[in-house]
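Okay, structure first, notes after.
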Amino acid sequence: MAKHNKLLFVCVGKDCKKKGVKKVFSQLPKDAKKRLNKSDVRVVETKCLDLCKRGPNVIFDNEFYSKVTTEQIEALLKKHE
Ligand code: FES
């Protein structure tokens with residue numbers, strides 16, 4: 001089994017979907033794998049994280065991010081390089 005140093009959890013629950021997680025999800029995993037070592041990142045879709053009002057929610061490398069937008073992805077990835 002491959003070892004991944006960074007885990008990217010993306011909530012794909014109903015409320016996060018309503019708040020645009022699909023747009024984030026379509027960009028973030030690709031950008032993360034492009035920017036970081038591809039084999040280091042594992043993307044996991046999760047069910048509701050019980051913080052629906054703050055969605056879209058993402059957990060990357062053990063840090064929680066709320067209200068994630070595609071515009072924030074660059075800064076988020078830079079932080080985890
Ligand atoms: S649907 Fe994403 S936190 Fe509830």
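Inside the chain, counting only strands (runs of 3 or more DSSP E) that do not spill past its ends, which hold 3 or more residues that are of a type outside the set (D, E) and more than 11 Å from the ligand (Cβ to nearest atom)?
In the chain, 6-11, 41-46 are the strands (runs of 3 or more DSSP E) which contain 3 or more residues that are of a type outside the set (D, E) and more than 11 Å from the ligand (Cβ to nearest atom).
If you go through the stretch 58-71, how many residues are within 17 Å of K6 (Cβ to Cβ) and out of contact with any Pro (no Cβ under 9 Å at 6 or more places or on another chain)?
7
Applying the selection to the stretch 1-51, what residues are farther than 14 Å from D61 by Cβ and of a type in the set (G, A, S)?
Of everything in the stretch 1-51, those that are farther than 14 Å from D61 by Cβ and of a type in the set (G, A, S) turn out to be A2, G13, G20, S26, S39.
Exactly one of these conditions fails for K6: (1) in contact with a Gly (Cβ under 7 Å, 6 or more places away or on another chain); (2) touching a residue at least 60 places away in the same chain (Cβ under 8 Å). Give me its number.
(1) is the only condition that K6 fails.
Just to verify a result, which residue in the stretch 12-39, among those that are among the charged types (D, E, K, R), over 12 Å from the mean Cα position of the chain (by Cα) and surrounded by 15 or more Cβ atoms within 10 Å (Cβ to Cβ), is nearest to L76 (Cα to Cα)?
R35
Starting from the stretch 39-54, keep only residues that are closer than 20 Å to E81 by Cβ and modelled with pLDDT under 95, then list their pairs with residues that are part of a helix (DSSP H, G or I) and not basic (K, R) whose Cβ atoms are within a distance under 6 Å, requiring at least 6 positions of separation or different chains.
Every condition considered, the pairs that remain are V41/A32; V43/P29.
The values are calculated or read from the model by the stated rules, or taken from the named source; none is laboratory data. Because the structure is a prediction, the values reported are computed rather than measured. Virtual Cβ from ideal backbone geometry, glycine too; neighbours counted across all protein chains shown.
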